[in-house]
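Note sheet for the following structure.
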Amino acid sequence: MSDFFDTAPRLRGAGLNLALDAPRVMGVLNLTPDSFADGGSWLDPGAAVERALQMQEEGADLIDLGAESTRPGAAPVTAATELQRLVPVLERLQGQIQVPISIDTSQPEVMRVVIAAGAALINDVRALRVAGALDVVAESGVAVCLMHMQGSPADMQEAPHYAAVIDEVRAWLGERLLACRLAGIEPTRCMVDPGFGFGKTLQHNLHLLAGLGRLRDLGVPLLVGLSRKRMLGELTGRAVTDRVHASVAAALIAVEQGARIVRVHDVAATQDALRVWQAVHAASARLPASRSAARTPPPAADGWGFD
Ligand code: HH2
């Protein structure tokens with residue numbers, strides 16, 4: 001069994017060398033009219049650039065730009081539409097933003113253009129399954145996040161079904177990692193994500209979060225996106241605009257379970273919580289061994305133990 005903390009304490013790719021010795025925050029910025037949490041807020045390129053710079057200021061380690069909503073029931077958009085939304089923002093960000101830019105897309109035509117425009121990471125909710133996507137990422141040398149989804153956004157929440165959700169998600173992601181390797185994409189360029197809410201019921205999501213540590217033997221870092229999602233609404237009864245506290249709690253749990261990057265809308269709040277988590281984690285590592293063992297059970301995410 002491999003351990004990603006030995007094999008990939010960094011995520012490396014063309015234009016990216018990200019240390020993952022502490023949890024990292026990926027700020028979400030959707031340039032769409034219809035995203036479930038921030039749809040319509042950042043359609044104007046000027047407003048989007050301001051928001052990206054604000055997230056950088058708040059401590060985002062990466063910014064993830066998306067131009068297609070993949071919320072349940074969403075219809076796909078054309079590559080031309082995605083590019084119309086992305087390119088003006090990417091152009092304006094050049095020279096202004098220091099943190100790496102990730103692009104949330106599945107379309108090889110879009111990937112080619114945004115990589116040429118400086119994107120350092122492709123975040124693909126379809127895990128490079130669209131024809132041509134594997135080749136674009138392989139040839140460009142950029143890093144990639146492979147996300148699990150059962151079905152497609154149009155139908156994924158109709159009747160999600162698993163015999164054993166964690167095992168199935170892990171096996172599926174393992175197959176996508178193998179496809180990457182066969183296409184020439186080294187594991188050091190890859191992250192995986194179980195895809196919370198993508199073809200999963202509340203119970204599936206809860207099992208995955210509780211058992212997140214079992215994905216670690218895939219040998220690459222884990223990225224997790226729970227921010228403001230429906231499962232948090234189901235648990236708290238709160239509207240999408242009022243899920244910051246639940247999102248921060250979910251991000252902390254994900255990190256405790258071994259996630260290296262959390263994808264969030266609320267960067268400042270998440271960073272505050274992670275600072276507290278890190279301080280306690282560092283103090284716990286400094287406790288004398290016997291007392292530490294007595295007081296602190298090994299974290300479920302004992303993968304953090306390398307630092
Ligand atoms: N979730 C969404 C989009 N992209 N990428 C990864 N890797 N993991 C996720 O969980 C994930 C993702 C959905 O959230 P959002 O972008 O806020 O909404 P929408 O798809 O409606 O634009």
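The values are calculated or read from the model by the stated rules, or taken from the named source; none is laboratory data. This is a predicted model, so every value here is computed, not measured. Don't worry about glycine lacking a Cβ; one is built from the backbone with ideal geometry, like all the others, and counts go over all protein chains shown. Remember, those area values only see protein heavy atoms, side chains included, never the ligands or the DNA or RNA. Shrake-Rupley method; radii C 1.70, N 1.55, O 1.52, S 1.80 Å.
Here are some notes:
- Three-way shape label, the range 147-274, alpha-carbon gyration tensor, a/c 1.5: oblate
- The long axis of helix 45-57 is offset from the longest Cα principal axis of the chain by roughly 20 degrees.
- Compared with the alpha-carbon gap, the fully stretched path from residue 238 to residue 289 is longer by 14.1 nm at 0.36 nm per residue.
- Using the Cβ-Cβ distance between residue 22 and residue 203 with R0 set to 30 Å, the FRET efficiency works out to roughly 0.45.
- Relative packing of 33-46, 201-214, which averages over residues the other C-beta atoms within 10 Å, highest first: 201-214, 33-46
- Look at the alpha carbon pairs under 8 Å that are at least 6 residues apart: their mean separation over the length of the chain gives a relative contact order of 20 percent.
- Estimated at 0.36 nm per residue, the fully extended path between residue 44 and residue 164 surpasses their Cα-Cα distance by 38.9 nm.
- Surface composition of the chain: carbon and sulfur make up 53 percent of the accessible area, probe 1.4 Å.
- FRET efficiency, 1/(1 + (r/R0)^6) with R0 30 Å, evaluated for residue 210 and residue 94 via beta carbons: 0.10
- The residues of the range 78-167 expose, per residue, 40 Å² of accessible area to a 1.4 Å probe.
- Folded to 0 to 90 degrees: helix 244-256 orientation relative to the chain principal axis, Cα: 60 degrees
- Calculated FRET value between residue 131 and residue 155, using beta carbons and R₀ = 22 Å, to 0.05: 0.60
- Crossing angle, helix 79-93 versus the chain [Cα axis fit, 0-90 degrees, rounded to tens]: 70 degrees
- Taking the average, over residues, of other Cβ atoms within 10 Å as the packing measure, peptides 116-123, 270-277 rank 116-123, 270-277 from highest down.
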